[in-house]
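What follows is calculated from the coordinates using simple rules that are stated; it is not laboratory data. Because the structure is a prediction, the values reported are computed rather than measured. In this analysis, Cβ positions are derived from the backbone assuming ideal geometry, glycine residues included, and neighbour counts consider all displayed protein chains.
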Amino acid sequence: MIQHPDKNYIDFIEVEIRDQHAYCFHVDREPDGKPWYHDIKKFLATREYPENATNGQKQALRRLANHFFLNREIMYKRTPDIGLLRCVDVAEVVGLLEEIHGGTFVSHMNEFTFAKKILRSGYFWMTMESHSIHYVQKCHQC
């Protein structure tokens, strides 16, 4: 640590609240009935932005689209080792959690190992870790 020349000096943190939508990785539900990857999928298919999208939102969508691959109607996320993970929506998540945790695989495990097992199985969604934590906490055998 170093001594600051002015001992009473504190940097302030500015917090900004925005009225417009932002793309983030912590969306738990689908309020409009569309999957979490709808805008990315539409952009990859047609190269068109959503209506009323600002320049910042357009830039965020372009950056996100670099990490995804569209094969007909199925969306995949690219991994660093050139692998592809199938993107799933909320309707498929519940079945996957049940099957991987206690179905055919029959391997009760902790939350983070469970999330890694889902990745190794070839599936991806943005809130995978939080879903796996909640699912394992509700499991009576674990």
Q | Straight-distance crosslink candidates among lysines, where the alpha carbon sits under 19 Å from LYS116 and sequence neighbours closer than 8 are dropped | A | LYS77, LYS138
**Q.** Förster radius 41 Å - calculated FRET efficiency between LYS58 and LYS117, Cβ distance, rounded to 0.05
**A.** 0.70
Q | For segment 42-48, Karplus couplings with θ = phi - 60° (6.51, -1.76, 1.60), whole Hz, Gly/Pro x | A | 5, 5, 5, 6, 10, 6, 10
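Which net charge results for the neighbourhood of LYS77, defined as the other residues with beta-carbon distances under 12 angstrom from its beta-carbon, given Lys and Arg at +1 and Asp and Glu at -1?
On the way: positive: LYS41, ARG78, ARG86; negative: none.
Its environment carries a net charge of +3.
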Q.
For a quick check of your reading of the filter: which GluC sites (Glu not before Pro) in segment 46-142 sit in a DSSP loop and have no more than 14 other Cβ atoms within 10 Å?
A. GLU48, GLU51, GLU73
